[in-house]
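Asker: My questions will all concern the structure given below.
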Amino acid sequence: MGFTEVAHAMGGRRIANPLSAMASGMSKPHHAQLIARHGFRTPATLVSDDPDEVLGFVDLHRGAVYKSASGIRSVVTAFDPVRDTGRLERLRWCPVRFQEHLGGPDVRVHVVGDRTFAVRVDSTAVDYRYARDQVGADARLHAHRLDDVAERCVAPASGLGPPFAGVDLKLLPDGRIARFEVNPAPGFSWYESETGLPIAAAVADWLLAPVS
């Protein structure tokens with residue numbers, strides 16, 4: 001269901017993110033395959049229940065992070081050989097998603113229809129949402145200019161259906177941009193309060209706009 005179909009879904013009333021448009025996010029590997037075609041680099045990824053395979057992946061990429069493979073929120077954590085190697089047998093009960101550990105600041109892009117609001121996040125934490133727990137200091141958020149990258153953020157959001165989405169990017173040290181995922185249920189109040197970007201107003205404008 002694309003933007004136009006979403007807008008017509010309730011007799012001419014706009015619906016931002018119906019469940020049908022959010023379904024792909026329930027499986028992160030499936031979701032990643034759907035949005036890998038839009039021109040961003042994606043981190044090398046392994047979903048596995050095999051401890052030896054995981055150790056090989058970590059060695060190949062000189063480190064890794066791990067996170068949930070489902071749509072359930074999890075804390076992104078760096079693989080620690082001392083702490084985590086002995087726990088890998090637990091994967092037999094539940095596969096986990098591992099990704100290469102990419103450096104550089106994060107950027108969250110909120111897409112509202114064809115408008116974008118980008119926020120750069122400066123933090124030394126692996127998961128900046130939990131920066132206080134991981135490094136003892138809050139992440140710093142700033143409005144960020146995307147230039148031509150903005151349109152490339154709109155494309156994967158519209159292709160997946162939800163007209164309101166959060167696109168997670170990483171600004172790599174070599175100047176390239178990596179894309180992690182498109183969140184179909186993005187919490188935006190923190191980003192708005194820290195930067196002053198009018199995300200809520202943009203959502204309201206989209207909902208109130210006439211359906212063409």
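The values are calculated or read from the model by the stated rules, or taken from the named source; none is laboratory data. Since we're looking at a predicted model, the values are computed, not measured. When we count neighbours, we look across all protein chains shown, and the Cβ atoms used for this are built from the backbone with ideal geometry, even at glycine. The accessibility values were calculated without ligands, DNA or RNA, using every heavy atom of the protein model including side chains. Shrake-Rupley method; radii C 1.70, N 1.55, O 1.52, S 1.80 Å.
Asker: Once you put a point 7 Å from the Cα of Glu194 and another 7 Å from the Cα of Ser74, both along the Cβ direction, what distance in nm separates them?
Answerer: Going by the 7 Å Cα→Cβ label model, 2.3 nm.
Asker: Obtain the nm distance between the two label points defined at Ala201 and Leu60 by a simple spin-label model: each point lies 7 Å from its Cα along the Cα-to-C-beta direction.
Answerer: 4.8
Asker: Calculate the radius of gyration of the Cα atoms of region 94-183 to one decimal place, then report Dmax, the largest Cα-Cα distance, as a whole number, both in Å.
Answerer: Spelled out, the Cα radius of gyration and Dmax of region 94-183 are 13.7, 41 Å.
Asker: Please work out the average accessible area per residue across region 166-209, using the 1.4 Å probe convention, and give it in Å².
Answerer: Counting only protein heavy atoms, the per-residue value for region 166-209 is 46 Å².
Asker: Still on this model: Could you look at region 69-120 and say what percent of its accessible area is carbon and sulfur, using a 1.4 Å probe and all protein chains?
Answerer: About 54 percent, which is the carbon plus sulfur part of the accessible surface.
Asker: If you don't mind, another one. Heavy-atom accessible area of Thr45 with all protein chains present, probe 1.4 Å, nearest 10 Å²?
Answerer: So the heavy atoms of Thr45 present about 70 Å² to solvent.
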